[in-house]
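Notes follow the structure.
Since every read-out is calculated from the coordinates, none of them should be taken as a lab result. Model, not experiment: these values are computed from the prediction. Every residue, glycine among them, receives a Cβ derived from its backbone with ideal geometry; neighbour counts consider all protein chains shown.
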Amino acid sequence: MSILDAKTVVPRSGTNYLPQFAHVVQGREKRVLGDVFGLTQFGVNLTTLAPGSASALRHWHAREDEFVFVVSGEITLIDDLGEHVLTPGMCAGFKAGVANGHCLVNKSAAPASYVEIGTRASEESAEYPDVDLKAEKRGGKWSYMKKDGTPS
């Protein structure tokens, strides 16, 4: 299939984060659009954040580029330079290997949606500057641990 209404894709709301960090993304729903089309080189998600929800913990990727485009509502991008309000039509990009921890937070009173597009590297690592957490992806599977590599 090459055409669909993105709203018909069942949203995913869970997380792979360690339990002590899962609350950050409560209220986040991802419609994993790239998977529907069998895309393997990059991922595409339509993500909706409920008021008070975040896209992720602040992080950056070693090998994967990320791009976000705001579709509806108001979202606050938090990165190493501070807070930036994004509204429909605005976008942001994060180049792989640039140590600029970032996340999106819905600080408004209404749901907000954005499209996220990113590289699908089978081997990857992500750093989380605000918490004792790091992530590694091997063979396409993520694992999370303390920054020193020990289990959490």
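Each other residue within a Cβ distance under 11 Å of V85 adds +1 if Lys or Arg and -1 if Asp or Glu, for a net charge of -1.
Between beta-carbons, use under 10 Å as the cut-off and find the net charge around W60, counting Lys and Arg +1, Asp and Glu -1.
Details: positive: R58, K95; negative: E64, E66, D79, D80, E127.
Result for the neighbourhood of W60: -3.
When the helices of the chain are scored as -39500 (n - 2.57) per DSSP H run of n ≥ 4 and the total is divided over every residue, the value at 222 nm lands at -500 deg cm²/dmol.
Dipole size in debye (nearest 20) for the chain around its Cα centre, Lys and Arg Cβ +1, Asp and Glu Cβ -1?
Details: 16 positive and 18 negative charges, 79 e Å.
Using only the charged Cβ atoms, the result is roughly 380 debye.
Candidate cross-link partners of K146 among the lysines, defined by an alpha-carbon separation under 25 Å and a same-chain spacing of 8 or more, comprise K95, K134, K137. Summing charges over all other residues whose Cβ lies under 14 Å from the Cβ of P11, with Lys and Arg as +1 and Asp and Glu as -1, gives +1.
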